[in-house]
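Notes follow once the structure below has been shown.
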Amino acid sequence: MTTPSRAFDQIAYPASRSQIRTTHRAMALSGSIVAVLLLVGCDRAAPSEALRSESATSSTSGGVLSPTTASQLIVASPSDVAAVTAVVTAWDAAWNAGDATALAATFWGDAEFINGRGQLAVGSPTIRSNHATNLAGVFKGSHTQSGVRKITFMSATAAVVDADNDVTNFKALPPGAVPTAPGVISQRQKRVVVKRDGEWRVLLMQLTSIAPAPAPPPPPAP
């Protein structure tokens, strides 16, 4: 005959009144602890709710600014939003003036830049040199226009800027580059902009060229 498992070999006896009172007191104490924890949690959540209510999005020419997301809850001051937006504006102004030095001045010295063909430039001197060559060559006299689509502040001193950009009036294109449409190169620009000593500049920037629309299929043979 098989011996029953010890897990089922225990007999449950009715609890005494003293044991029941002790159990009730333990349950009441546990409930009080849970209530206090919930209250503390609610008190801690209150500032987040306040931040969320203050973080309404605002509009600017060219796009919508999103200073925060629900998960980050970073509230940017209007002056920081304007300063970050001005970095994009300064890029356009420097490019349109053919001024590679002013363009490189929007970057920190240890910045990295990846162009639309995936080429990497490290350091603002290299970024300046590369753009000086292009702005005096194939892109001489070209015009760039950017629209800020979104700004996400990751902290009080770091923001990610997404912008949409069109370059027109170029004479030619570097090897491997193709226009998005006749006479137009459209790109997505992403910048990590960092604040140091009260000034916002680009630490990381990458361009992604928008490919041209595929050609329509030929009409069916008659």
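Table for the structure above
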quantity: Using a Förster distance of 35 Å, the FRET efficiency for Val184-Ala86 (Cβ separation, nearest 0.05); calculated: 0.90
quantity: Amide proton proximity set for Gly123, modelled H, under 5 Å, gap of 5+; calculated: Ala111, Glu112, Phe113
quantity: Label-point separation, His143 to Ala156 (7 Å along Cα→Cβ), nm; calculated: 4.2 nm
quantity: Cα shape, segment 99-151, gyration tensor, a/c 1.5 rule; calculated: rounded
quantity: Solvent-accessible area of His131 with every protein chain in place, 1.4 Å probe, in Å² to the nearest 10; calculated: 10 Å²
quantity: Three-way shape label, segment 86-205, alpha-carbon gyration tensor, a/c 1.5; calculated: prolate
quantity: Accessible area (Å², per residue) of segment 79-172, counting only protein heavy atoms and a probe of 1.4 Å; calculated: 43 Å²
quantity: Fraction of accessible area attributable to carbon and sulfur, segment 65-155 (%, probe 1.4 Å); calculated: 56 percent
quantity: Gain on full stretching of the segment that runs from Leu173 to Ala102 - 0.36 nm per residue minus C-alpha separation; calculated: 23.3 nm
quantity: Gain upon complete extension [Asp166, Ala136; 0.36 nm per residue less C-alpha separation]; calculated: 8.9 nm
quantity: Solvent-accessible area, 1.4 Å probe, carbon plus sulfur percent, for segment 157-214; calculated: 58 percent
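The values are calculated or read from the model by the stated rules, or taken from the named source; none is laboratory data. Note that the structure is a prediction, hence the values are computed from the model and not measured. So basically every Cβ, Gly included, is an ideal-geometry build from the backbone, and we count neighbours across all protein chains shown. Each accessible area value is taken on the protein alone, full model and side chains, heavy atoms only, with ligands, DNA and RNA left out. Shrake-Rupley method; radii C 1.70, N 1.55, O 1.52, S 1.80 Å.
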